[in-house]
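Here's the structure we're looking at; comments come further down.
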Amino acid sequence: MTQLIQTIVLGLLLGGVYALLASGLTLIFGVMDVINVAQGALIILAAFMTWALWNETGLDPLLGVLVTTPAMFLIGFGIYLATIRWILGKPASTSVILTFGLALIIEGVMGWVWTATLHRSTPDYFNQSFTIGDIYLRKAQVYGCAIAIGVLAILYVIIRVTWLGRAIRAVSANLSSAKLVGVNPRTVAALTFAIGVATTGAGGSIASVLYPFLPASGYQWISRLLGIIVLGGMGSLPGAVVGALLLGVAETMTQTYVSPQWATMVPWVVIMVVLLLRPQGLMGQKLREDVAL
Amino acid sequence: MTAAIRRLGRHGGAIAVVALFVTILVFPAISDNRYYQTIIILSLLLAIMASSWNIISGFAGYVSLGQTVFLGIGAYTTAILSLRVFGPDEFGQGGANPFYFVPISAIVAGLFAAAIGPIIMRTRGHSFVILTIAFLFVMQLIALNWTELTYGNRGLSLPLPDWPREWGNLPFYYVFFGLLLITIATAWWIRRTKFGMGLIAIREDEDKAASVGVNTPIYKMLAYIASAVWIGAAGGVYAYYLSFIDPRNQFDIVYSVFVVLAVLLGGRGTIWGPVLGAFILEPLNQITNNDFNRWFGQGVWDANKRLIFFGALLILVVLFLPRGIIPSVREIFTRRRVSKVAAEVGARFERKPMRVVERAAAEAEQAPAAPLLEVRGAEKRFGGVKAVDGVSLAVERGTTTALIGPNGSGKTTLFNLIDGTMPLDRGEIWFDGERVDKLAPYRRAHRGIGRTFQITRLFRQMTVLENVVAPLRSFSWRRLGSDAVSGPESERAYELLEFVGMQRFADHQAGTLSYGQGKLVELAQILMLDPKLIMLDEPAGGINPTLIAHMEEMILELNRQGTTFLVVEHNMPLVLGLCDPVCVLARGKSICTGTPEVVQADPAVLDAYLGEDFVLEEKAEVKS
């Protein structure tokens with residue numbers, strides 16, 4: 001029983017971090033119809049930046065969030081200007097191919113700068129735990145999840161309250177009407193992409209403490225994030241949160257009760273089952289497709 | 001000079017292809033440079049992969065990023081059969097000759113494609129891409145974790161070749177070469193058959209293809225199998241060639257992307273583009289892998305820089321050469337020819353009467369009493385909106401029935417329910433004495449339902465003639481392999497194009513037509529189905545008065561010949577002059593059906609649609 005609770009709590013803590021990262025991916029897809037496959041590599045890039053900062057200056061990796069988030073925002077903006085803006089309106093498969101190219105470049109750069117070996121940020125609390133009854137909670141997990149929820153809350157405020165958020169929601173609901181009422185979709189797309197990538201800053205800093213990573217770890221992350229947003233419904237922010245929590249728990253349960261090797265398969269199986277049985281996901285809306293006007 | 005260039009444009013491709021093949025064929029006799037042999041072997045493999053991928057993704061438009069799954073399946077099939085099933089030795093020494101199992105690898109890959117194809121191709125666009133990646137990773141993880149069978153991470157070592165040493169890798173070289181020829185022949189054959197044209201139609205507009213009778217599920221599944229089989233065979237040969245396989249290198253996502261890059265570079269949807277792309281990309285890959293190290297020094301050039309190099313190449317191709325080399329070059333040579341016919345765009349229509357088609361004529365003679373089409377209590381909701389809310393409607397044989405009503409009243413949705421583009425939530429649809437609401441759209445087209453779309457939908461990359469020939473009145477396996485455009489079909493298509501007055505545009509690309517011209521071609525297209533019922537969605541919407549008159553004439557003529565019509569239209573003079581009876585929809589319900597006179601006088605209709613002060617102009621004139 002204790003083991004079960006322990007497993008679920010761990011899954012939820014992980015899910016909190018996943019939720020933040022998946023929000024960025026689903027936001028970009030919802031507004032721009034772009035599947036940013038490079039999101040996994042960008043997480044690892046942020047993790048490496050965090051590790052380097054911590055290694056060089058001793059800055060706490062979780063506080064690294066304050067540096068990596070704006071840095072990734074700028075990188076996202078740059079990527080948008082250099083590549084993404086040219087393929088808006090093209091089929092989503094084009095964006096998958098293009099961003100895969102981005103992922104390869106980022107992976108190569110990371111291997112070049114930091115070599116293809118395992119890294120991990122190890123501040124002194126990284127292997128300490130809180131104990132509540134029989135349950136152990138790793139401090140890094142708890143802090144990481146708390147920070148993720150904080151950043152996620154800020155993201156929600158931006159989307160719910162600000163003009164930008166309204167513009168984002170308008171564009172993702174109906175592009176042509178948004179244009180009519182004076183929203184410039186290119187500006188919105190640029191900011192959305194930058195914000196979506198900025199979530200990898202905070203997420204990557206947290207991840208650098210949670211897991212060891214190397215340049216190729218991005219694949220594992222992108223599989224997880226795709227699983228989450230497909231499960232939650234692509235383009236839906238609440239869906240991403242629900243999907244992240246479910247996937248986090250599914251992963252830790254598989255790790256504990258089946259085997260760690262099979263845990264990496266969980267996201268892919270989730271993707272297959274959801275896309276085949278309920279393609280709109282848990283919280284994605286099934287709208288009238290204007291297939292036949 | 002220009003003539004010489006044009007001749008080069010026409011024959012240059014063929015010359016290059018023959019030159020390439022002869023070079024590959026005789027190269028081992030000229031040079032025994034093993035490094036170049038390796039480059040050619042790997043280029044052949046990539047070309048096999050790229051040509052195969054092109055069938056499902058270039059022709060049918062289903063972009064797969066997991067095509068290496070079939071390479072891995074082929075490799076593991078051969079390796080496991082050779083070592084574990086027929087191999088004498090637990091440790092992978094002295095197994096049976098792997099070449100025996102290559103055909104089995106092809107079959108297993110084909111069966112796998114046949115099993116998952118129909119399932120994953122129910123999704124489209126981004127969902128399909130993600131699913132192909134998911135299948136690749138799932139298979140990789142199965143190969144990693146099913147250690148009893150695959151030895152997981154440790155991989156499998158195949159027996160070494162048993163032929164004389166001095167042959168080197170030549171047997172692999174020629175087997176890959178033969179496989180590439182077979183793959184290209186497959187792609188070439190598909191492209192010139194009805195099957196291939198159906199795939200192009202699916203790529204251009206899948207729902208439209210289904211509505212003109214293309215059996216889309218079968219087409220897609222066959223295309224997926226065709227894109228898997230030769231990769232499976234190549235996987236078996238590749239395993240033997242490598243003599244060692246492991247899950248990460250056999251089920252490799254990066255190699256999948258490499259295949260996509262090869263096709264994009266050479267030209268997606270063409271026969272030779274994938275081959276060209278492969279023979280550019282793989283040598284480049286080997287040069288950056290080996291020679292760059294020599295040129296720049298070991299420490300300067302490494303795997304990381306290769307990742308950056310190919311990542312950047314992928315991005316550059318997507319951004320700046322999205323159509324690929326062959327289509328871009330071809331465009332330069334054909335621009336001249338296109339500009340010559342452009343002058344005809346404004347030409348006036350010349351119509352000719354049409355030969356009466358057999359089915360419609362037979363129909364006119366016997367004409368049973370029951371209505372041709374009957375909709376009973378049809379319901380369809382989108383989220384909380386009931387777009388169609390219990391509509392019942394009968395279309396009698398030989399009539400031209402109108403369906404009118406305000407915007408959003410459910411007319412187009414009802415069309416979509418009748419032709420099967422959307423599934424019905426509740427109710428029944430009967431056509432020609434048979435219940436059809438559970439039938440797939442293409443089956444309803446085969447039964448004789450043809451429909452046009454409010455916003456014209458043609459296969460834009462195909463010519464007008466191909467568009468008209470594309471519809472299929474029935475499905476037969478044999479016809480999949482017949483010529484894309486046969487003699488009698490093309491004759492009939494010209495006749496139909498003459499009937500609508502578009503014969504002079506037969507060779508134009510459909511995407512270049514104006515809106516009105518598109519409507520005429522779409523009508524000719526569905527006439528190819530010999531439909532018993534033609535459903536027209538706003539035939540007069542957005543076109544000029546002359547064309548409206550022209551459209552009216554054609555409807556009258558077809559109707560005289562026995563074709564039944566169901567017409568959605570807002571142009572009241574046209575509706576009231578042409579149609580009897582008229583059925584009025586409002587808020588998803590049928591509110592009135594009757595002759596034009598009855599409908600015009602009905603208070604409910606005036607309230608919901610026509611308006612209190614509705615007076616038809618012609619009538620007003622008669623009165624005054």
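Some notes on this structure:
- Test: residue in the stretch B:418-435 that is within 14 Å of another protein chain (Cβ to nearest Cβ) and among the hydroxyl-bearing types (Ser, Thr, Tyr): yes
- Any chance B:PRO488 is outside any strand (DSSP E or B) and surrounded by fewer than 20 Cβ atoms within 10 Å (Cβ to Cβ): yes
- Among the residues of the stretch B:386-433, those that are charged (D, E, K, R) and touching a residue at least 60 places away in the same chain (Cβ under 8 Å) comprise B:LYS386, B:ASP389, B:GLU396, B:ARG397, B:LYS411, B:ASP419, B:ASP432.
- Long-range neighbours under 8 Å by Cβ, at least six apart or interchain, first residue on the phi > 0 side of the Ramachandran plot and at the interface with chain A (Cβ under 8 Å from one of its Cβ atoms) within the stretch B:120-137, second surrounded by fewer than 24 Cβ atoms within 10 Å (Cβ to Cβ) and in a helix (DSSP H, G or I): B:GLY125/A:ALA92; B:GLY125/A:SER93
- A residue that is part of a loop (DSSP other than H, G, I, E, B) and touching a Pro at 6+ places or on another chain (Cβ under 9 Å) can be found somewhere in the stretch A:124-131.
- Some residue of the stretch A:148-170 being in contact with a Lys or Arg (Cβ under 8 Å, 6 or more places away or on another chain), closer than 20 Å to A:ALA240 by Cβ and surrounded by 11 or more Cβ atoms within 10 Å (Cβ to Cβ): yes
- Single residue of B:THR512, B:THR595, B:THR546, B:THR564 found to be surrounded by 19 or more Cβ atoms within 10 Å (Cβ to Cβ), hydroxyl-bearing (Ser, Thr, Tyr) and either modelled with pLDDT of 85 or more or more than 31 Å from the chain's Cα centre (by Cα) (or both): B:THR564
- Tally, over the stretch B:410-456, of residues that are over 20 Å from the mean Cα position of the chain (by Cα), part of a helix (DSSP H, G or I) and aromatic (Phe, Trp, Tyr): 1
- Qualifying residue in the stretch A:182-191 (condition: surrounded by fewer than 24 Cβ atoms within 10 Å (Cβ to Cβ) and modelled with pLDDT of 90 or more): yes
- Just one residue in the set B:ASN304, B:ASN289, B:ASN293 is free of Cβ contacts under 8 Å to residues at least 24 places away in the same chain and in contact with a Pro (Cβ under 9 Å, 6 or more places away or on another chain); that residue is B:ASN304.
- Residues within the stretch A:72-87 that are touching a residue at least 60 places away in the same chain (Cβ under 8 Å) and either within 12 Å of chain B (Cβ to nearest Cβ) or buried (at least 17 other Cβ atoms within 10 Å of the Cβ) (or both), tallied: 9
- Close Cβ contacts (under 8 Å, 6 or more residues apart or on different chains) running from residues in the stretch B:315-327 that are facing another protein chain (nearest Cβ under 9 Å) to residues that are of a type in the set (S, T, N, Q) and not in a helix (DSSP H, G or I) comprise B:ILE315/A:THR83; B:LEU319/A:THR83.
- Any hit, the stretch B:462-476, residues being of a type in the set (Gly, Ala, Ser), touching a Lys or Arg at 6+ places or on another chain (Cβ under 6 Å) and more than 14 Å from chain A (Cβ to nearest Cβ): no
- Residues (over 19 Å from B:MET197 (Cα atoms) and not in a helix (DSSP H, G or I)) located in the stretch B:491-534: B:GLY501, B:MET502, B:LEU513, B:SER514, B:ASP530, B:PRO531, B:LYS532, B:LEU533, B:ILE534
- Residues in the stretch B:383-410 that are more than 17 Å from B:MET535 (Cα to Cα) and not small (Gly, Ala, Ser): B:VAL385, B:LYS386, B:VAL388, B:ASP389, B:PRO406, B:ASN407.
- Boolean, B:PHE176 is over 30 Å from B:TYR35 (Cα atoms), within 30 Å of the chain's Cα centre (by Cα) and not in a loop (DSSP other than H, G, I, E, B): no
- In the stretch A:16-43, the residues that are among the small types (Gly, Ala, Ser) and within 11 Å of the chain's Cα centre (by Cα): A:GLY16, A:ALA19, A:ALA22, A:SER23, A:GLY24, A:ALA38, A:GLY40, A:ALA41
Yes/no matrix, rows are residues, columns are (1) among the charged types (D, E, K, R); (2) under 26 Å from B:ARG397 (Cβ atoms); (3) in contact (Cβ under 8 Å) with a residue 40 or more places away in the chain:
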{"site": "B:ARG504", "(1), (2), (3)": "yes, no, yes"}
{"site": "B:LYS532", "(1), (2), (3)": "yes, yes, yes"}
{"site": "B:GLY541", "(1), (2), (3)": "no, no, yes"}
{"site": "B:GLY562", "(1), (2), (3)": "no, yes, yes"}
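- Within the stretch A:112-127, tally of residues that are more than 14 Å from chain B (Cβ to nearest Cβ) and surrounded by fewer than 12 Cβ atoms within 10 Å (Cβ to Cβ): 3
- Where B:SER474 falls short, out of the listed (1) farther than 20 Å from B:LEU523 by Cβ; (2) in contact with a strand residue (DSSP E or B) (Cβ under 9 Å, 6 or more places away or on another chain): (2)
Here's the yes/no breakdown for (1) at pLDDT below 95; (2) within 21 Å of B:ILE41 (Cβ to Cβ):
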{"residue": "B:TRP230", "(1), (2)": "no, yes"}
{"residue": "B:ALA239", "(1), (2)": "yes, yes"}
{"residue": "B:SER243", "(1), (2)": "yes, yes"}
{"residue": "B:PRO247", "(1), (2)": "yes, no"}
{"residue": "B:PHE251", "(1), (2)": "yes, yes"}
{"residue": "B:SER256", "(1), (2)": "yes, yes"}
{"residue": "B:GLY266", "(1), (2)": "yes, yes"}
{"residue": "B:ILE271", "(1), (2)": "yes, no"}
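- A:THR26 fulfils the conditions (1) modelled with pLDDT of 95 or more; (2) over 20 Å from A:SER217 (Cβ atoms) except for a single criterion, (1).
Here's the yes/no breakdown for (1) out of contact with any Pro (no Cβ under 9 Å at 6 or more places or on another chain); (2) over 18 Å from A:TRP268 (Cα atoms); (3) assigned to a helix (DSSP H, G or I):
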{"site": "B:ALA47", "(1), (2), (3)": "no, yes, yes"}
{"site": "B:TYR62", "(1), (2), (3)": "yes, yes, no"}
{"site": "B:LEU81", "(1), (2), (3)": "no, yes, yes"}
{"site": "B:LEU136", "(1), (2), (3)": "yes, no, yes"}
{"site": "B:GLN140", "(1), (2), (3)": "no, no, yes"}
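- Which numbered condition B:LEU71 misses (of (1) within 16 Å of B:VAL229 (Cβ to Cβ); (2) within 13 Å of chain A (Cβ to nearest Cβ)): (2)
- Counted residues, the stretch B:145-179 - those being within 14 Å of another protein chain (Cβ to nearest Cβ) and over 12 Å from B:PRO247 (Cα atoms): 1
- In summary, strands (runs of 3 or more DSSP E) completely within the stretch B:315-409 and bearing 1 or more residues that are among the hydroxyl-bearing types (Ser, Thr, Tyr) and either at pLDDT below 85 or in the same structural domain as B:GLY562 (by TED's automatic domain parsing) (or both) occur at B:385-395, B:400-404.
The values are calculated or read from the model by the stated rules, or taken from the named source; none is laboratory data. Values in this document were obtained by computation on a predicted structure and should not be read as measured data. When we count neighbours, we look across all protein chains shown, and the Cβ atoms used for this are built from the backbone with ideal geometry, even at glycine.
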